[in-house]
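Student: Structure incoming, see below.
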Ligand code: PMV
């Protein structure tokens, strides 16, 4: 039995748009924080007489097995097959997976689940061929399964561009993640579809330049420990991505009135304190907050004082 675990990540400079779909090559560089408490665990059990691989939910105490549709489990196994071919893995396997976070916690599990599957393939190679596949090589392979998964191989930060993902270090670390849960229903437009659609927006012109510019602004803000500047850049960046969605032809979007109410709460917190959390959104309705380590008490109070907002703190996990 082979096992591997991988964390999820949240992008502050967003990957949106691809120049190549087969390799998931991003149109612009992105930067993410690795959410090491939010993990996927994958087990691969060799099957002696099977003609193909299969996927099953992994049942483990305190872990939640994903409820994969046929389409999703087919995609997962197709990608595992691709990994087997690229790495020269022999035999077929029963793949089991589970997350230590609930499917409705507002985090996409594709980053951690594809990263963990690629890592388990690395474990099989280690055993079958007594050779070690490097983290950067595995990250590059994982990118083909799900683009954002290649950032989950590094921590605390990762930067990913058309050449691949690398680890990054800034004076900013030990952040506390919260998700304001606004909706958990299945998305009408998947992120794969969003990547395709955004190129139809007139605002897509100049998008790569804007993302690059913000990346350098954010790095400057982190290096200079200018948290307010970091907040402004991260805020502008998710609005840019959501504006691309809303100005696509035809338009689509993820925000609802609860999202806007949550964003308003974050803004008024900043106004009141002159300080607050970084705030971002993925291709979904939920709002993600990242607090500095010295803001922990604030983070918990922010959640407690607003029972109408369903705030899920990373501390509640594991
Ligand atoms: O890896 P994908 O294809 O699920 O794309 C993820 C895209 C966003 O989550 C919206 C942004 C990002 O950089 O993670």
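Read the figures in this text as sums done on the coordinates, not as results from a lab. Being a predicted model, the structure only gives us computed values, none of them experimental. Quick reminder, even Gly has a Cβ in these numbers, built from the backbone with ideal geometry, and neighbours come from all protein chains shown.
Student: Which FRET efficiency value, to the nearest 0.05, do you get for residue 212 and residue 3 by plugging their Cβ-Cβ distance into 1/(1 + (r/R0)^6) with R0 = 45 Å? Working shown, then result.
Tutor: On the way: r = 38 Å, r/R0 = 0.85.
My answer for the efficiency is 0.70.
Student: Further question: Residues in the stretch 254-291 near a label at residue 228, defined as backbone nitrogen under 14 Å from the 7 Å Cα→Cβ point?
Tutor: Taking a point 7 Å out along Cα→Cβ of residue 228, the residues of the stretch 254-291 whose backbone N falls under 14 Å are 270-277.
Student: Need one number: convex hull volume per residue for the stretch 159-269, Cα atoms only, in Å³. Mind showing how you got there, number by number?
Tutor: Values: hull volume 15.6 nm³, N = 111.
It is 141 Å³ per residue.
Student: Right, something else. Provide the packing ranking of 151-160, 129-138, i.e. peptides ordered by the mean count of other C-beta atoms within 10 Å per residue, highest first.
Tutor: On the way: 151-160: 24.0, 129-138: 13.7.
The most tightly packed comes first, giving 151-160, 129-138.
Student: Continuing with the same structure: At 0.36 nm per residue, and after removing the present C-alpha to C-alpha distance, how many nm does the segment from residue 72 to residue 220 gain when stretched out fully? Intermediate results must be reported in sequence, preceding the final value.
Tutor: Values: separation 148, 0.36 × 148 = 53.28 nm, distance 3.92 nm.
That works out to 49.4 nm of additional length.
Student: Considering the alpha-carbon set of the stretch 269-310 alone, what are its Rg and its Dmax in angstrom?
Tutor: 10.9, 29
Student: Moving to a separate point now. Between residue 275 and residue 136, what is the spin-label point distance in nm, taking each point 7 Å from the Cα along the Cα→C-beta axis?
Tutor: 3.8 nm
Student: Springs between alpha-carbon pairs under 10 angstrom, Gaussian network model over the chain: which of 43, 123, 193 fluctuates most?
Tutor: 193
Student: Continuing with the same structure: Relative to the longest principal axis of the chain, what angle (0 to 90°, nearest 10) does the C-alpha long axis of helix 257-273 take?
Tutor: The answer is roughly 60 degrees.
Student: With 5 Å bins from zero, work out the P(r) of the stretch 219-272 over every alpha carbon pair and list the percent per bin.
Tutor: Binned Cα distances yield the sequence 4, 17, 18, 22, 17, 12, 7, 2, 0.
Student: Would you calculate the convex hull of the Cα atoms in the stretch 36-92 and tell me its volume per residue in Å³?
Tutor: Numbers: hull volume 6.3 nm³, N = 57.
Per residue, the Cα convex hull of the stretch 36-92 comes to 111 Å³.
Student: Determine, from the Cβ-Cβ distance of residue 128 and residue 294 and an R0 of 41 Å, the FRET efficiency 1/(1 + (r/R0)^6), rounded to the nearest 0.05.
Tutor: 0.30
Student: Relative contact order, percent, of the chain when contacts are C-alpha pairs under 8 Å separated by at least 6 residues? Numbers along the way, then the final one.
Tutor: On the way: 612 pairs, mean separation 67.6, N = 318.
Result for the chain is 21 percent.
Student: Using the Kirkwood radius over C-alpha pairs as Rh, can you work out the diffusion coefficient of the chain via Stokes-Einstein at 20 °C, viscosity 1.002 mPa s, in µm² per second?
Tutor: On the way: Rh = 20.2 Å.
D, rounded to a whole number, is 106 µm²/s.
Student: Normalise the Debye intensity by I(0) for the stretch 30-127, one equal point scatterer per Cα, no solvent, then take log10 at q = 0.13, 0.20, 0.24 Å⁻¹ and round to two decimals.
Tutor: -0.45, -1.02, -1.36
Student: Nearest 5 percent is fine: what portion of the DSSP beta bridges confined to the chain is antiparallel?
Tutor: On the way: 43 of 47 bridges.
The antiparallel proportion sits near 90 percent.
Student: Also: From largest to smallest, what semi-axes in whole angstrom does the stretch 98-242 give when each is the square root of 5 times an eigenvalue of its alpha carbon gyration tensor? Could the numbers behind the result be given before it?
Tutor: Working: eigenvalues 154, 85, 61 Å².
Over the Cα atoms of the stretch 98-242, the semi-axes work out to 28, 21, 18 Å.
Student: Further question: For the chain, modelled as a Gaussian network with Cα springs under 10 Å, which listed residue fluctuates most, 57, 46, 307?
Tutor: Result for the chain, Cα springs under 10 Å: 307 fluctuates most.
Student: Something else: What percent of all Cα-Cα pairs in the stretch 223-318 falls into each 10 Å bin, going from 0 up to the bin containing the maximum distance?
Tutor: Here the calculated profile for the stretch 223-318 is 14, 46, 31, 9, 1.
Student: Counting pairwise Cα distances across the stretch 9-50, what percent come out greater than 14 angstrom? All intermediate terms of the calculation are to be shown ahead of the outcome.
Tutor: Working: 572 of 861 pairs.
That fraction is 66 percent.
Student: Peptides 113-120, 234-241: what's the order by average Cβ count within 10 Å, highest mean first?
Tutor: Working: 113-120: 27.5, 234-241: 19.0.
Highest to lowest by the protection proxy: 113-120, 234-241.
Student: How far apart, in nanometres, would the label points at residue 249 and residue 264 be if each is projected 7 angstrom from Cα along the Cα-to-Cβ direction?
Tutor: Here the modelled spin labels are 3.4 nm apart.
Student: What FRET efficiency comes out for the pair residue 193/residue 82, r = Cβ-Cβ distance, R0 = 30 Å, nearest 0.05? Write down the numbers at each step before the final one.
Tutor: On the way: r = 21 Å, r/R0 = 0.71.
So the FRET efficiency works out to roughly 0.90.
Student: Right, here's the next one. Highest mean first, what order results for 277-288, 10-21 on Cβ atoms within 10 Å?
Tutor: Values: 277-288: 23.5, 10-21: 20.8.
By packing density, highest mean first, the sequence is 277-288, 10-21.
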